[in-house]
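Since the structure comes first, as structure tokens, the remarks are kept for the end.
The values are calculated or read from the model by the stated rules, or taken from the named source; none is laboratory data. Keep in mind that what you see is a predicted model, and the values were worked out from it rather than measured. All Cβ positions, glycine included, derive from the backbone under ideal geometry; neighbour counts span all protein chains shown.
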Amino acid sequence: MNVLELRGIHAAYDRIDVLFGVDLEVPESSVVALLGPNGAGKSTALRVAAGLHAPSSGDVLVAGRRVNGVRPEELARRGLCLIPEGRGIFPNLTVRENLRMMSYTGTSEAVIDERAFLRFPRLKERFTQTAGTLSGGEQQMLAMARGLATDPALLILDELSMGLAPIIVEELYEIVAQVAREGVSILVVEQFASTVLGVADFAAIIVHGRIARAGRPAELRDDLSKAYLGA
């Protein structure tokens, strides 16, 4: 079963059309990369999937059920977790307090902390540090730890590598691959494709609001240069 499916999605901002019949599938326990140049419609597709932007037409399905019009918080209760561009942490709270905020799901603080430190040992070293003073990579780790504390079926990542050094990006994507092996499906949007293709099971290239090509990463490498260079 596909954890997430977009069927013929059209979307617009006011009267400006952005997406034109986007089809996208995220199978269970897989990493799917949505790639494309800046302004191609990647983030809008994620916003539609997460219930943050209503499509003009088309269907959004979560675990085979149509969820058009379902509020984002209800989608979150159904197992969909979005980590937006910019990370979405509370910069004035400590790492501990940021993690504690996720206990509203009913999971104990001890279990949340254990899960976070197992995946991100560096957060244990920064436990009492104010989140806004962490490095960019550590803030992204905290954002992922918060998202994974909800035990999601689908984790959606928007521009995971934004503003981070390549070595940190590589480390984060190793964790993404590990999380997928644990059974969490992942949809990740990236402008820079090289690292994510190393862990993705499937990929799709979006250009000018349309899926130009989809398939296994090895099948798409030649198409990526055409998409980004406009060939």
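Residues of the stretch 123-130 include none that is at pLDDT below 90 and not in a loop (DSSP other than H, G, I, E, B).
As for the stretch 148-163, it holds no residue that is surrounded by fewer than 18 Cβ atoms within 10 Å (Cβ to Cβ) and in a helix (DSSP H, G or I).
Selection of first residues in the stretch 145-159 that are on the phi < 0 side of the Ramachandran plot and of second residues that are of a type in the set (D, E, K, R) and part of a loop (DSSP other than H, G, I, E, B), restricted to Cβ pairs under 8 Å at least 6 apart or on distinct chains, gives the following pairs, ordered by first then second residue: A153/R78; D158/E85.
The residue that is surrounded by the fewest Cβ atoms within 10 Å (Cβ to Cβ), among those in the stretch 30-56 that are over 17 Å from N68 (Cβ atoms) and within 14 Å of the chain's Cα centre (by Cα), is S30. Sort out which residues of the stretch 160-189 are more than 26 Å from T130 (Cβ to Cβ), of a type outside the set (F, W, Y) and without any contact (Cβ under 8 Å) to a residue 60 or more places away in the chain, and write them in order of number. Those that are more than 26 Å from T130 (Cβ to Cβ), of a type outside the set (F, W, Y) and without any contact (Cβ under 8 Å) to a residue 60 or more places away in the chain: P166, E170, E174, Q178, E182.
Of the strands (runs of 3 or more DSSP E) lying entirely inside the stretch 1-94, none contains at least 2 residues that are closer than 24 Å to T105 by Cβ, in contact with a Cys (Cβ under 7 Å, 6 or more places away or on another chain) and of a type in the set (S, T, Y). Looking only at the stretch 105-122, which residues are free of Cβ contacts under 8 Å to residues at least 40 places away in the same chain, outside any loop (DSSP other than H, G, I, E, B) and not aliphatic (A, V, I, L, M)? Answer for the stretch 105-122, where residues must be free of Cβ contacts under 8 Å to residues at least 40 places away in the same chain, outside any loop (DSSP other than H, G, I, E, B) and not aliphatic (A, V, I, L, M): E109, D113, E114, R115, F117, P121, R122.
The single residue among G163, G198 that is assigned by TED's automatic domain parsing to the domain that holds L61 and closer than 23 Å to F90 by Cβ turns out to be G163. In the condition set (1) at pLDDT below 95; (2) surrounded by fewer than 17 Cβ atoms within 10 Å (Cβ to Cβ); (3) in contact with a strand residue (DSSP E or B) (Cβ under 6 Å, 6 or more places away or on another chain), R77 is compliant with all but (3).
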